[in-house]
Amino acid sequence: MAVGTISTTTTAAVAWRPEKRVTGAFLITGLIALLVGALLGPLQAFNYGDVNLYRYLPFLKSYYEGLTLHGVLNALVFTTFFNCGVLVYFPARELDVRPSVAWLWLSYGVMVFGLVLAGIAILSNSATVMYTFYPPLQGSWGFYTGLALVVVASLMVAFEVIRLRARWRRDHPGKVTPIVTFMSVATMLMWALASLGIVVEVVVFLIPWSAGWISGVDPQLARTLFWFTGHPIVYFWLLPAYVSWYAFIPKQVGGELASDLLTRMAFVMFLVFSTPVGFHHQFTDPGIRGGWKLLQNILTFFVVVPSLLTAFTVTASMELGARKRGGRGVLRWIGKLPWSDASFVAQVLAMISFVFGGAGGIVLASFNLNVLVHNTTFIPGHFHITVGTAVTLTFFGMTFWLMPHLTGRKLFSPRLALWSAWTWFVGMMLFAVGMHWQGLLGVPRRAWISNMLPSLQGTYANAAVPQAITLVSGCILFVAVVLYFTVLFGTLFSSRRIEEDSVAIPFPDADGIQGGRAVRAFDRLGMWFILAVALVCVAYLPTLFYMFTHQVGVPGLRLW
Ligand code: HAS
Ligand code: CU
């Protein structure tokens, strides 16, 4: 890197201050949401360790309210804020094109307003509907409106990212889009298409329903619209982490990006194949014909390919770096990676967790295996080592250089930062073992098993060992949260100033991207976007058309 390298571009640093401020606002708001959500996490782990801590927290009416808060803040709010911050800032710096800071502040304001609305709804226990908010569970209108505003704000940022590239292309005719911008624009285009489902679900159905303007909503249609967005949203969370793995990690380990071409290919594949696969969350749902489920099942395996490419390219990049640092042997080079650099360690541990998270995903995507574990704790086991570790721990790793870069303050205790990465990793891996294992034993997800009726006590006695593992993981994760946020706030409030921009963004070297034919073909993102739309139409329209024309409206329920 560059991490820690002193640069002489102080004037450039000052010039970028407005962008740094708004990026910092997105990041810090997202991280504060994560702090609140993550502090509630151990409650869930304890529940699945058969210990009911909710009884000591009178401000939360039930496990389900806590779980809703936990899921919404961590999976939806934290990720969206963080992504919107980085996906506009990195391209702007790479292209040296100034975004509209006023527009970004407006987007930020809309997103915060949405967060406040949804937050009030959840905290007043009027939207205890979990982060998937399936009807007929019904929340108050503020919850749905708030979430809709968060999505709208993210699309406003997407618009700015796409506009940045368009402006750059106008001034650089015939040039291939630089890699970080390419990845960011592909991600935002994917998200723009993917978000359609949730926008229609919330705006057309759930808001009018919760406000009492329509009496019923068809749960099956709502679920289908939800998963239209609900699968690709996981790549909206993941791809900013991939930006860091592909573009920044090589510099951080002293190597180089192993293949520009494969990187672009992976992102184009994500753009095309991320969305038409939502039925893999609905294998057990009635109302969708088996043939369409099968098609989306096959397409799910297509969208695994770019992650397999990523495993190859990113590992190769790291190997190049380690060998430059004197690494030898088939595997011994791994020891030469910068294992004392918290930013690197957090991200490589995130990658390792994703090997298991991805493997679990492939299991889940397999129709017949899915039936065994669907709606069991296997699922939260899976997503805590995908979004909870692969993504979140990568974001932690990024903040270890990005916060000093944005704020001009020294990273508070790199040692503690290293500890926070390891404890998060160990805690999450143990949590995943406990939850996958319980799932295999048939323990249901989203169940207040630590508070069951006396007549049901002992139902899951066969899961005592994985329950104990889950409980221990909750304690370790609590420590990890304290450590990470000590580092974060320690940095933000530190009086130890460093020269602005003395921590540079570890962009990859641009040479070599003169644009062969394949690279140029991948650069036609508009064309790939149209292909993605076409594929989505094939995979979804027949089913959606049928559902729209055969709706069975159901009134809302409030259970807790
Ligand atoms: Fe998933 C359910 C299938 C990826 C998140 N998933 C969920 C849910 C969430 C989620 C939140 O098919 C629960 C939703 C709910 O509440 O109901 N998932 C997949 C598949 C993939 C996948 C096939 N999921 C993710 C990612 C997520 C995420 C990414 C968040 C960010 N998932 C499913 C299915 C369900 C599901 C079913 C529904 C289950 C049900 O029944 O309800 C694939 O994209 C995974 C591909 C990944 C790989 C891994 C590649 C490895 C890499 C690391 C390389 C690093 C190395 C380290 C080698 C093939 C890139 C080197 C180290 C050195 C030291 C050298
Ligand atoms: Cu999915």
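The values are calculated or read from the model by the stated rules, or taken from the named source; none is laboratory data. Because the structure is predicted, anything quoted here is derived from the model rather than measured. Don't worry about glycine lacking a Cβ; one is built from the backbone with ideal geometry, like all the others, and counts go over all protein chains shown. Remember, those area values only see protein heavy atoms, side chains included, never the ligands or the DNA or RNA. Shrake-Rupley method; radii C 1.70, N 1.55, O 1.52, S 1.80 Å.
Miscellaneous remarks
- Distance (nanometres) between label positions extended 7 Å along Cα→Cβ at Val152 and Val305: 3.9 nm
- Under-5 Å amide H pairs with Val217, H placed in peptide plane, nonlocal only: Val554
- Global form of region 55-98, assessed from the alpha-carbon gyration tensor, a/c cut-off 1.5: prolate
- Length added when fully stretched, Arg289-Ser366, from 0.36 nm per residue minus Cα-Cα: 26.1 nm
- Rounded to 10°, Cα long-axis angle of helix 414-440 versus longest principal axis of the chain: 30 degrees
- Backbone amide hydrogens, once placed in the peptide plane, bring Leu137 within less than 5 Å of Leu557, excluding anything fewer than 5 places away on its chain.
- Sorting 271-279, 90-98 by their mean Cβ neighbour count within 10 Å, with the most densely packed peptide first, gives 271-279, 90-98.
- Accessible surface ranking for Lys20, Lys324, Lys336, 1.4 angstrom probe, highest first: Lys324, Lys336, Lys20.
- Potential extension, Trp213-Val97 segment - 0.36 nm per residue separation minus Cα distance: 37.2 nm
- Apportionment of accessible area to carbon and sulfur, the chain, percent (1.4 Å): 70 percent
- Accessible area per residue, Å², region 120-166 with all protein chains present, probe 1.4 Å: 30 Å²
- Computed from the C-beta positions of Leu531 and Ala468 and an R0 of 41 Å, the FRET efficiency is 0.25 to the nearest 0.05.
- The figure for His281 is an accessible area of roughly 50 square angstrom, using a 1.4 Å probe on the protein chains alone.
- Counting 0.36 nm for each residue step from Leu261 to Phe159 and taking away their Cα separation leaves a gain of 34.2 nm.
- For region 351-401 and region 191-218, distance of Cα centres in Å: 28 Å
- FRET efficiency, Arg169 to Lys324 (Cβ-Cβ, R0 35 Å, nearest 0.05): 0.55
- Estimated inter-spin distance, Arg524 and Ser495, nm [label 7 Å along Cα→Cβ]: 6.0 nm
- Region 138-167-region 426-454 distance, computed between alpha-carbon centres (Å): 34 Å
- Tilt relative to the chain, helix 219-230 - C-alpha long axis, 0 to 90 degrees, to 10: 10 degrees
- Cα gyration tensor, region 426-560 - rounded (a/c under 1.5), prolate or oblate: oblate
- Figure note: Cys475, Cys84 ranked by solvent-accessible area, largest first, 1.4 Å probe, ligands and nucleic acids not counted: Cys475, Cys84.
- For Trp227, the accessible area of its heavy atoms, probed at 1.4 Å with every protein chain present, is near 20 square angstrom.
- The aspartates and glutamates within cross-link reach of Lys293, meaning a Cα-to-Cα straight distance under 17 Å and a gap of 8 or more places when in the same chain, are Asp285.
- Helix 79-95 axis, angle to the chain major axis (alpha carbon atoms, nearest 10°): 20 degrees
- Placing a pseudo-label 7 Å from each Cα along the Cα-to-Cβ vector at Asn52 and Ile298 gives an inter-label distance of 4.9 nm.
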